[in-house]
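Below is one structure; the comments refer to it alone.
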Amino acid sequence: MKRKMTEQELIAKFDDAVKNGHIFAYYQPKINHSTGRMIGAEALMRWEDPEFGIQYPGDFIPVMEKNDLIYRADIAMFKAVCKFQRKCLDSGKKPVPISVNMSRYDIYQKEYIKEIERLRRKYNVEPK
């Protein structure tokens, strides 16, 4: 990490980070330890700023929540996972379930469920 961004810098750079993929999904595999096979993954939100480097989730997620930005970041993450799943399907690979963390604040957004379902349908990804 080059330098931890201040709250003001995080807020100022948020829109650009979402738009340009600086906030992205890092896939942590879930492994069946009996077989050694991957049975799924968890999409973890990460932020790598071109100027300041990697920012830790513990530093930027509370700022997003405090400033009502987390919903947009979570939706961007869900969209990225749906696109990834679609890419796997289109290339003939059998996708594994990928869990996506969502903030507790997302449920207060009027269109939350509709937007998640809209993205899932857009990319034709099974809920399971």
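Every number in this text was worked out from the coordinates using simple rules, so none of it is lab data. Predicted model, so just to flag it, every value in this text is computed and none were measured. For neighbour counting, all protein chains shown are included, and Cβ atoms are generated from backbone atoms with ideal geometry for every residue, glycine included.
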Only four residue types carry charge here, +1 at the Cβ of Lys and Arg and -1 at the Cβ of Asp and Glu. Report the dipole size of the chain about the Cα centre in Debye, rounded to the nearest 20. 720
Pull up the cross-link candidates among the lysines for residue 114, meaning alpha carbon to alpha carbon under 20 Å and not fewer than 8 places away within one chain. 79, 83, 122, 128
Using +1 at the C-beta of Lys and Arg and -1 at the C-beta of Asp and Glu, which of 18, 64, 85 has the Cα lying farthest in the positive direction of the dipole of region 2-91? 85
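Could you work out the relative contact order of region 7-122? I mean the mean sequence separation of Cα pairs under 8 Å and 6+ apart, divided by the number of residues, in percent.
So the answer I get is 25 percent.
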Cβ-based exposure ranking for 51, 7, in which fewest neighbours within 10 Å come first: 51, 7
Helix axis angle, 112-122 relative to the chain longest principal axis, alpha carbon, degrees: 50
